[in-house]
Amino acid sequence: MIVSVEELIEMPEFFGKSEKALQKKLNAVEHLIRSYTNNNFQNRCVRFQGKSLGNRVFGFSPFLRVGDTIQISQSMVNDGIYVITEITDTFIRLDTELFETELNLITKVEYPADIQAGVIDLMVWETKNRQKVGIKSETLSRHSISYYDQDANNQVMGYPVALLGFLKPYIKPRF
């Protein structure tokens, strides 16, 4: 996970917000960033194969910790992003149930600090400005509201272009 819900809840902008709602939004932003940049942010030096059963993956890496994000691939049914909730000598417990398969390729996912800071900025913008999308200016006396065009020049994926500048160095070409 790019940013934990606990980090967000400590900020005054998210006081009183539902943890479930914040977690869903964080998951959506994570997938959005991975799709937009065509970058999965994998650390391929921390990779192993293992069997899955329930919410456990059997295998071990000394470079994984509780709270780390992993990506499962080449499993045919369990491909996705998961968060580690427990680590033992024989298995790693994840936050979601998996289908039983003999082969899962597990790779650690690491997000740079500027990506994490950018996601926090996106979440703050989401809570403060989402309901005002499209309003360019507003006058209260004699009531006047101007709307701006929502096109490719001033927004990307529903967010203002200025907020997504942090993703530029991480964009990989699509083939």
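Filter segment 12-41 down to the residues that are aliphatic (A, V, I, L, M) and closer than 23 Å to residue 110 by Cα, then identify the one that is surrounded by the fewest Cβ atoms within 10 Å (Cβ to Cβ).
Among them, the one singled out is 28.
Determine whether segment 73-80 contains at least one residue that is assigned to a strand (DSSP E or B), over 14 Å from the mean Cα position of the chain (by Cα) and in contact (Cβ under 8 Å) with a residue 24 or more places away in the chain. Walk me through it before giving the result.
First, pick out the residues of segment 73-80 that are assigned to a strand (DSSP E or B): 73, 80.
Okay, now just the ones that are also over 14 Å from the mean Cα position of the chain (by Cα), so 73.
From what's left, in contact (Cβ under 8 Å) with a residue 24 or more places away in the chain: 73.
Yes, the conditions are met somewhere in segment 73-80.
Could you check residue 68 against (1) crowded, with 16+ Cβ neighbours inside 10 Å; (2) under 12 Å from the mean Cα position of the chain (by Cα) and say which number it fails?
Every condition holds for residue 68 apart from (2).
Quick check: anything in segment 89-102 closer than 23 Å to residue 14 by Cβ and at pLDDT below 95?
Taking every residue of segment 89-102 in turn, at least one turns out to be closer than 23 Å to residue 14 by Cβ and at pLDDT below 95.
Spot the failing condition for residue 16; the list is (1) over 17 Å from the mean Cα position of the chain (by Cα); (2) at pLDDT 90 or above; (3) not polar (S, T, N, Q), and only one is missed.
Failing condition for residue 16: (2).
The values are calculated or read from the model by the stated rules, or taken from the named source; none is laboratory data. Since the model is a prediction, treat every value here as computed from it, not as a measurement. Ideal geometry is used to build each Cβ from the backbone, glycine not excepted, and the neighbour counts take in all protein chains shown.
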